[in-house]
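*Asks:* I have a structure here, written as structure tokens, and I will follow up with some questions on it.
The values are calculated or read from the model by the stated rules, or taken from the named source; none is laboratory data. All values derive from a computational prediction rather than experimental measurement. Cβ placement follows ideal geometry from the backbone for every residue including glycine, while neighbour counts extend to all protein chains displayed.
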Amino acid sequence: MTSKVFVASLDAGEFALTAEAVPTVTGFGNNVQNVGDGNVYTYPGAPITITGRGFSQNSALTKVTIGPFECKIESATVNSITVMAPFGFAGQPWGIHQPVKVWVNGNRAQNALYINIYNQTGNGG
């Protein structure tokens with residue numbers, strides 16, 4: 001978008017104006033377990049849908065991490081991103097309460113999400 005600038009009624013020319021919405025995470029989709037205690041659980045390799053707004057349909061512009069691990073993006077829309085839960089927590093107890101972070105076009109999403117990654121026997125994933 002271009003805008004015209006006037007100073008003291010004189011035409012100062014045009015300039016390009018761009019604005020990017022700050023992405024915001026709002027929650028998880030139905031493909032994770034919420035056991036009613038406010039915690040969300042899943043297992044390594046499982047799909048995780050992150051809901052929000054201001055995301056990009058171009059997954060190349062999106063980055064998602066869970067704890068220290070970058071996640072593989074399966075699909076992306078302006079309101080949701082589906083990633084695969086990382087395998088890096090396998091056999092470790094520290095897959096508990098891991099932050100989920102989203103970046104879109106280099107901008108970090110607002111709000112905080114946390115998830116627990118467990119393996120199928122109930123130990124830290």
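*Asks:* Does ILE50 qualify as being buried (at least 19 other Cβ atoms within 10 Å of the Cβ), modelled with pLDDT of 95 or more and not small (Gly, Ala, Ser)?
*Replies:* Judged against the criteria, ILE50 is a match.
*Asks:* For the range 68-83, give me each residue that is surrounded by 19 or more Cβ atoms within 10 Å (Cβ to Cβ) and either under 16 Å from TYR43 (Cα atoms) or in contact with an Asp or Glu (Cβ under 6 Å, 6 or more places away or on another chain) (or both).
*Replies:* CYS71, THR82, VAL83
*Asks:* Here is a follow-up. List pairs: first in the range 53-72 and closer than 12 Å to GLN98 by Cα and β-branched (Val, Ile, Thr), second at pLDDT 95 or above and in a strand (DSSP E or B), Cβ under 7 Å, 6+ apart or cross-chain?
*Replies:* Within 7 Å, the pairs are THR65/LYS101; ILE66/VAL100.
*Asks:* Quick check on the range 100-121: of everything there that is farther than 17 Å from GLU70 by Cβ and surrounded by 18 or more Cβ atoms within 10 Å (Cβ to Cβ), which residue is modelled with the highest pLDDT?
*Replies:* By that ranking, first place goes to ASN116.
*Asks:* Of the residues PRO44, PRO86, which is crowded, with 16+ Cβ neighbours inside 10 Å, at pLDDT 90 or above and in a loop (DSSP other than H, G, I, E, B)?
*Replies:* It is PRO86.
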